[in-house]
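Right, one structure below, let's go through it.
The values are calculated or read from the model by the stated rules, or taken from the named source; none is laboratory data. Note that this is a predicted model, so its numbers are computed, not measured. All Cβ positions, glycine included, derive from the backbone under ideal geometry; neighbour counts span all protein chains shown. Ligands, DNA and RNA are excluded from the accessible area calculation, which covers all protein heavy atoms including side chains. Shrake-Rupley method; radii C 1.70, N 1.55, O 1.52, S 1.80 Å.
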Amino acid sequence: MKFSFKNDYSEGCHPQILESLLRNNLDQQAGYGEDEYSQKAKILIKNKIENRDSEVYFVSGGTQANLIVISSILRPYQCVISAATGHILNNETGAIEATGHKVLSIEKEDGKLNPSDIIPVLESHKNVPHQVMPKLVYISNSTELGTIYSKKELENLSIFCKENNLYLFMDGARLGHALTSEISDLTLQDIAKLTDIFYLGGTKNGALLGEAIIINNIDLQQDFAFNIKQKGALLAKGRLLGIQFLELMQNDLYFDLAKNANQQAMKIKNALSERGVPFLSETYTNQIFPILSNKMIEVLAEKFEFYVWKNIDENSSAIRLITSWNTQDKAVEEFIKTFNSEL
């Protein structure tokens, strides 16, 4: 059996979550997220972000969260601005476009957007009413390249969006990894203040499934639940999601799991860096992109699973290694050992 560095959702869920699901299995509860576990989890999240006026909704996955958020808050003629690496562009089968909303992409090597990137898009969409109207800026933290936003970067983006009447939506599928990165100066409280909507990803950080959508902009809260139901995302047994987020947010298990994933990735990164290996992007989260010879990649592929991310030249490629909340020292040590033995 190979060690997998392909994704951060290879495992089931953290044992503490599984134990809670089993322990409370025969406890009868109200449906559709009205159960006591979901209600307690929502209160806990509001306390964590220090915003009691935010609204929290649980859905099953990241694509579902992105689709519901974007299609719910935009009018038919409005569109989304995203980095070209954005998940909504490359990994969601045109889900956003299928709801009738165009996605305008911006090429960014680090996967992050800033005001100077967005200005040309706004300038090129002034032919009213003949073009779609840019209305929402979609960002990921951490990004699909493992990079993260600093507090200053998010503040600048938030100010710019407000000044230009744009919504700011943060995809938080790997938000735990971003916030626990060794270089991060952002907090959950900062994100709640600086974004209109974001979500806490559970699927990639210890949950069996589930994301928590958090709406900070009061103007966007009205009738949001109708959209969740209409899109088939309102689970009758909502307790399945509520119990998981209650366990994740209690005692900061969510952040402990993300921190472990980051630390395991950094062990590999540091070991390879010491050997002079270059990286496609400078990351401090659980995603790293070392550039290796194709010969080395072939050898590593015999014992480890990962994606070849990008061909650099005829002799080398960048691979993507992702560690999870449950990545063991043995897997990391074996990868480093195999790499060193083939140098």
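Taking first residues from segment 168-191 that are over 15 Å from Asn51 (Cβ atoms) and of a type in the set (Ser, Thr, Tyr) and partners that are open to solvent by 10 Å² or more (accessible area, probe 1.4 Å) and part of a helix (DSSP H, G or I), the Cβ contacts under 8 Å between residues at least 6 apart in sequence or on separate chains come to Thr180/Phe255; Thr180/Lys259. Condition test on Leu18, is it open to solvent by 50 Å² or more (accessible area, probe 1.4 Å), part of a helix (DSSP H, G or I) and under 30 Å from Glu163 (Cα atoms)? No, not satisfied. A single member of Glu144, Glu92, Glu107 is under 17 Å from Gln287 (Cα atoms), at pLDDT 95 or above and not polar (S, T, N, Q), and it is Glu144.
Residues that are farther than 30 Å from Leu44 by Cβ and of a type in the set (Asp, Glu): does segment 271-284 have at least one? Walk me through it before giving the result.
Initially, segment 271-284 is screened for residues farther than 30 Å from Leu44 by Cβ, giving 271-282.
Pick out the ones that are also of a type in the set (Asp, Glu) and you get 274, 282.
Scanning segment 271-284 turns up at least one residue that is farther than 30 Å from Leu44 by Cβ and of a type in the set (Asp, Glu).
Could you tell me how many of the residues in segment 255-294 are assigned to a strand (DSSP E or B), of a type in the set (S, T, N, Q) and buried (at least 18 other Cβ atoms within 10 Å of the Cβ)?
Step one: of segment 255-294, the residues assigned to a strand (DSSP E or B) are 279, 287-288, 290-293.
With the extra rule that they be of a type in the set (S, T, N, Q), the set shrinks to 287, 293.
Imposing the further condition that a residue be buried (at least 18 other Cβ atoms within 10 Å of the Cβ) reduces the set to 287.
Summing the residues that are assigned to a strand (DSSP E or B), of a type in the set (S, T, N, Q) and buried (at least 18 other Cβ atoms within 10 Å of the Cβ) in segment 255-294 gives 1.
Taking residues in segment 272-292 that are within 22 Å of Lys259 (Cβ to Cβ) and among the aliphatic types (A, V, I, L, M), and partners anywhere that are surrounded by 18 or more Cβ atoms within 10 Å (Cβ to Cβ) and at pLDDT 95 or above, the pairs with Cβ atoms closer than 7 Å and at least 6 places apart or on different chains are Leu272/Pro290; Leu272/Phe339; Ile288/Gly146; Ile288/Ala265; Ile288/Ile268; Ile288/Lys269; Ile288/Leu321. Apart from one condition, Ser54 fits all of (1) at pLDDT 95 or above; (2) closer than 30 Å to Ser124 by Cβ; the exception is (2). For segment 124-145, residues that are among the small types (Gly, Ala, Ser) and farther than 18 Å from Leu188 by Cα total 1. Do you know which residues across segment 159-204 are in a loop (DSSP other than H, G, I, E, B), open to solvent by 30 Å² or more (accessible area, probe 1.4 Å) and basic (Lys, Arg)? Within segment 159-204, Lys204 is the sole residue that qualifies. For segment 147-167, the set of residues classified as in contact (Cβ under 8 Å) with a residue 60 or more places away in the chain and in contact with a Pro (Cβ under 6 Å, 6 or more places away or on another chain) is empty. For residues that are in contact (Cβ under 8 Å) with a residue 12 or more places away in the chain and out of contact with any strand residue (DSSP E or B) (no Cβ under 9 Å at 6 or more places or on another chain), scanning just segment 49-76, find the one that is surrounded by the most Cβ atoms within 10 Å (Cβ to Cβ). Here the answer is Leu67.
Listed here are the residues, each with its yes/no results for (1) of a type in the set (A, V, I, L, M, F, W, C); (2) modelled with pLDDT under 95; (3) open to solvent by 40 Å² or more (accessible area, probe 1.4 Å); (4) closer than 26 Å to Thr143 by Cβ.
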site	(1), (2), (3), (4)
Asn7	no, yes, no, yes
Glu11	no, yes, yes, yes
Glu34	no, no, yes, no
Gln39	no, no, yes, no
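In summary, Val308 fulfils each of the numbered conditions (1) closer than 21 Å to Gly146 by Cβ; (2) part of a loop (DSSP other than H, G, I, E, B) with the single exception of condition (2).
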